[in-house]
């Protein structure tokens, strides 16, 4: 205390000026801290609202009226012309897919096993409808433990849907289409590969708005979740070429940091 008094006297500062300066500095630091906290809080609220908005629209995009109408129309066709057994199978899978979509629409994370199950149901329904136009192979490699690997729902399906409707079904041969989906792990990264031998992008007609919407929302959701959790997520699209260097399909690679249920 004596030392402080000596310093003030030596500097020629009166006590009231030192006190006022100290209070001013403390108030400045306090208000600066409060402003930073409010800014961070507002940013977090905006991000959460954005995620809720995107999740709602992702659900709406997946519940595409065309897909629902076409599925019900196919069931009706099977009842009238083919067999009630096939109609029952289609209806059962359709109901399970709808239940899965509704259950997952408001969840930020689900385990990979649930997402793969919904994706398999969707692929089965489309293959029942289009028969020989395409087949598919969905494989989860052994290093990926589906029950404990977490993934945002409704991310993979829009890219699969685009591959079927915008490439495979537009093949002029109307047969021989193939879709291959492989989910693997590279160190701490989860890798989803979606490859098809559909028509090349340059030959596509103008894209349907509903497919573009689904892809756009999936990309925006992935970006928002990436910002929140630092998933190092990315989506890469590239063309596939045959031995003669001619376009022979498309390849989509979705990558994100592996998230375990233990960390969720």
Calculated FRET efficiency for the pair residue 148/residue 243, C-beta based, R₀ 51 Å, to 0.05:
0.80
Stretchable slack from residue 109 to residue 138, in nm (0.36 nm times residue separation minus alpha-carbon distance)
8.3 nm
Of 250, 88, 22, 100, how do they rank once you tally other Cβ atoms within 10 Å and put the fewest first?
22, 88, 100, 250
Take 232, 187 and order them by how many other Cβ atoms sit within 10 Å, fewest up front.
187, 232
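Rule-based calculations on the coordinates, nothing more; no lab input. Here the structure is a predicted model, which is why all the values come from computation and not from measurement. All Cβ positions, glycine included, derive from the backbone under ideal geometry; neighbour counts span all protein chains shown.
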